[in-house]
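The structure appears below as structure tokens.
The values are calculated or read from the model by the stated rules, or taken from the named source; none is laboratory data. Just so it is clear, the structure is predicted and the values come from calculations on it, not from any experiment. Ideal geometry is used to build each Cβ from the backbone, glycine not excepted, and the neighbour counts take in all protein chains shown. Accessible surface areas use protein heavy atoms only, side chains included; no ligands, DNA or RNA. Shrake-Rupley method; radii C 1.70, N 1.55, O 1.52, S 1.80 Å.
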Amino acid sequence: MMHTTPSRTLHHLLDESLRYPSEYGDHLSSHLPMALAALDCLGADEARLRAFFACYVRRFTALPCVDPPLRAGFAAALARDGRDTVLREVLPRLMVGVGAAAFHGVIRTAHAVESGHEGELAAALDYWTAQWSRLPSPAAVAPDIDGVADWLDALDHRLLQADPDWLDTASTARLISDRMLQATHTTAYRETVGRLRLAGRDPGALLHGLALSAAARHAATRHFTVLHMATGARAVRVLAPWLPPGGEVLAPLFQAVASASLASGPASAVPCARPVRADLGWPQVCALARASDNDHVIKLVHAMVTQQAAAPHPVWLQAATAAVAGT
């Protein structure tokens, strides 16, 4: 179902992708290296990888003249100190802005780590750093919720109770990251984010709970912002070995997740546009993802495949099936 060793073709195309900027259009994140890595892991052959690359690069209208200075600095640090040292040093600081560019900084970094490509890792860290933004801290409240799913439900409930018209009147920004920032001004964000108990909790258990909840919500709603919650949760799990211990280190992640969840609206209020096919298994879903030119479908299916490999659960296939439903 998936390849665990990055291919030579992937590395060659990642070399080529470094010629292109990290954004295109109106500040849209380039998914080229992330989708290539996901396709490679899903078993795409050389012809498919090259075809996807050729299709995607049409989105770029210009190439950067020189490497960004931060990218060069990260490349030098990786060459001098090695990946593990660099990640242990920079990830705790970058995690404070984990929601940067709608989680694309952390997602791209996780794919780069799995790809084993230092040039792409330097580019990913450069992009995360350049887009880094810290969300406002919520109100200080007593943590009284243990389960991530219960906490997300509490956010939904408080939004409907305190800000019922917010989605219609305030969430007007086009970019997900801007809508996430808008969501931090809601009563639901201020009063509910801090209710999730983090102190003394196992980060792995918290990340697993988040991944399950995000996948279930995507399967139910197919909401584009929820998709980023699901892929972002997987990315943090990949990078967790280089983070300090303790659940408290994940506080910025759950702030970002809360803002994204609020920006997408209560799960119960987002109807699923099409019924999910129940006749698709993992081989069919992966084949549809490999054939797709939709970078988000590719990345979501890849995320669910790797979550299934790490901790089998029916929800991963449900979310992946929802993602390919329109392909």
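Would you mind telling me which numbered condition in (1) in contact (Cβ under 8 Å) with a residue 12 or more places away in the chain; (2) open to solvent by 10 Å² or more (accessible area, probe 1.4 Å); (3) more than 26 Å from SER29 (Cβ to Cβ) ALA205 fails?
(1)
Can you tell me how many residues in region 314-323 are open to solvent by 30 Å² or more (accessible area, probe 1.4 Å) and touching a helix residue (DSSP H, G or I) at 6+ places or on another chain (Cβ under 9 Å)?
2
Out of ARG58, ARG50, I need the residue that is within 23 Å of HIS296 (Cβ to Cβ), without any contact (Cβ under 8 Å) to a residue 12 or more places away in the chain and among the basic types (Lys, Arg). Which one?
Step by step, each of ARG58, ARG50 is checked, and only ARG58 is within 23 Å of HIS296 (Cβ to Cβ), without any contact (Cβ under 8 Å) to a residue 12 or more places away in the chain and among the basic types (Lys, Arg).
Condition first: open to solvent by 10 Å² or more (accessible area, probe 1.4 Å), free of Cβ contacts under 8 Å to residues at least 60 places away in the same chain and outside any helix (DSSP H, G or I). Can you find one or more residues in region 303-313 that meet it?
yes
If you take the residues of region 36-93 that are at pLDDT 95 or above and of a type in the set (Asp, Glu), which of them is surrounded by the most Cβ atoms within 10 Å (Cβ to Cβ)?
Filtering region 36-93 for residues that are at pLDDT 95 or above and of a type in the set (Asp, Glu), the one surrounded by the most Cβ atoms within 10 Å (Cβ to Cβ) comes out as ASP40.
Which ranges mark the helices (runs of 4 or more DSSP H) fully within region 102-203 that have 1 or more residues being out of contact with any Lys or Arg (no Cβ under 8 Å at 6 or more places or on another chain) and at pLDDT 95 or above?
104-115, 118-131, 148-162, 187-192
Considering only region 211-226, how many residues are open to solvent by less than 30 Å² (accessible area, probe 1.4 Å) and either modelled with pLDDT under 95 or over 21 Å from PRO136 (Cα atoms) (or both)?
9
Please verify whether region 14-31 includes one or more residues that are over 29 Å from ARG134 (Cα atoms), of a type outside the set (A, V, I, L, M) and assigned to a helix (DSSP H, G or I).
Yes - at least one qualifying residue is present in region 14-31.
Going through region 249-281 one residue at a time, which ones are buried (at least 21 other Cβ atoms within 10 Å of the Cβ), among the hydrophobic types (A, V, I, L, M, F, W, C) and either modelled with pLDDT under 75 or under 30 Å from GLU89 (Cβ atoms) (or both)?
LEU250, LEU253, PHE254, ALA256, VAL257, ALA258, ALA260
Residues checked against (1) open to solvent by 10 Å² or more (accessible area, probe 1.4 Å); (2) under 17 Å from the mean Cα position of the chain (by Cα); (3) among the basic types (Lys, Arg):
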position: ALA101; (1), (2), (3): yes, yes, no
position: VAL106; (1), (2), (3): no, yes, no
position: GLU118; (1), (2), (3): yes, no, no
position: THR129; (1), (2), (3): yes, yes, no
position: ILE145; (1), (2), (3): yes, no, no
position: LEU155; (1), (2), (3): no, no, no
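Six or more apart or on different chains, Cβ under 7 Å: which pairs go from a residue in region 89-110 that's free of Cβ contacts under 8 Å to residues at least 40 places away in the same chain to one that's of a type in the set (Ser, Thr, Tyr)? Could you list them?
LEU94/THR129; GLY105/TYR127
Looking for whichever is β-branched (Val, Ile, Thr), out of contact with any Gly (no Cβ under 6 Å at 6 or more places or on another chain) and closer than 28 Å to ASN294 by Cα here; the options are THR186, THR192, THR221. Which one fits?
On inspection, the qualifying residue turns out to be THR221.
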